[in-house]
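The structure appears below as structure tokens.
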Amino acid sequence: MIKRTFNTDVPSHRNAYDLFDGRWASDLSELVPDLPVGGGLPGFRADPRPRQAAEVLGRDGRFDGYDILELGPLEGAHTCQLEALGANSVTAVESNSEAFLKSLIVKNIAGLTRSTFLLGDVSRHLAAPGPRYDLIFACGILYHMFDPLELIRLAAARSDRLFLWTHYYAPQPRLNRHVPRPVEQEGMRLTLHELTYRDRGLATFWGGNQGKTRWMELPDLIRVLAHHGLTETRVIADAPDFVNGPAVTLAAWRPGSPAPA
């Protein structure tokens, strides 16, 4: 946690950045050129995934009029892109308290005016009474869930459009720590592949809020989406050799869903 301190330097965004110096996952120099260029992810501009979501699930490559729910925004890089692509609103739910605070810093630096960051569990947010969303944007979160089937079920009940980037399980030697777990949900039988985190104590751990996670196989992911009404799917990119495990960029939607006016 941040200690109570007082900063007597000239006010600047750099002072806020330095609160988490060495612990940023994103490259904030994309936003402010005079911030340090680190080895972080270039999510604010270079990352293509928000634009890919808009091209497949938006209207004319934009999100004008869309109310979007973002699951696991981490430090708000994709949030910035979603707002820049015209989103009417972005509700971004983050479970990691440090990442949440960083997102507020990013919101201030980027001048976001239509985005709200909430601290808490995404599944509990989806299960609670609330509005429907024109799109649910979920990059880097499904493979951190102990119950990914439940997350898909809850998401499909709150939106007709779902954009996913996630790791998935495939039989590869590097994934030999995953333990197969047969499960059944609503008559569907499939195997999830359970992984116990080893690095939760590290300052740079960006994983899930539980000690274990379960990865899905790609055909099962598409089958579960269809089971919950998201029968139209498009695999935008499949990277079976991606670092840390196979990964897929995927859009899913309910047939005949009108875009927001």
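The values are calculated or read from the model by the stated rules, or taken from the named source; none is laboratory data. The shown structure was predicted, so the numbers you read here are calculated from the model rather than taken from an experiment. Here the Cβ positions follow ideal geometry from the backbone for every residue, glycine too, while neighbour counts run over all protein chains shown. For the accessible areas, the whole protein counts, side chains as well, though only heavy atoms, and no ligand, DNA or RNA atoms are used. Shrake-Rupley method; radii C 1.70, N 1.55, O 1.52, S 1.80 Å.
Of note:
- Among the residues of region 1-22, those identified as closer than 23 Å to G72 by Cα and open to solvent by less than 60 Å² (accessible area, probe 1.4 Å) are A16, Y17, F20.
- Residues of region 41-57 that turn out to be at pLDDT below 95 and either surrounded by fewer than 18 Cβ atoms within 10 Å (Cβ to Cβ) or aliphatic (A, V, I, L, M) (or both), as a count: 4
- Any hit, region 23-33, residues being open to solvent by 60 Å² or more (accessible area, probe 1.4 Å), in a helix (DSSP H, G or I) and not charged (D, E, K, R): no
The rows are residues; the columns are (1) within 19 Å of L149 (Cβ to Cβ); (2) modelled with pLDDT of 95 or more; (3) open to solvent by less than 80 Å² (accessible area, probe 1.4 Å).
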residue	(1), (2), (3)
T231	yes, yes, yes
V235	no, yes, yes
N244	no, no, no
T249	no, yes, yes
P260	no, no, yes
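- Scan of region 226-261 for residues that are closer than 30 Å to R198 by Cα and either in contact with a Cys (Cβ under 9 Å, 6 or more places away or on another chain) or not in a strand (DSSP E or B) (or both), ordered by number: P240, D241, F242, V243, N244, G245, P246, T249
- Selection of region 71-94 for residues being out of contact with any helix residue (DSSP H, G or I) (no Cβ under 6 Å at 6 or more places or on another chain), closer than 13 Å to D134 by Cα and open to solvent by less than 10 Å² (accessible area, probe 1.4 Å) yields only A87.
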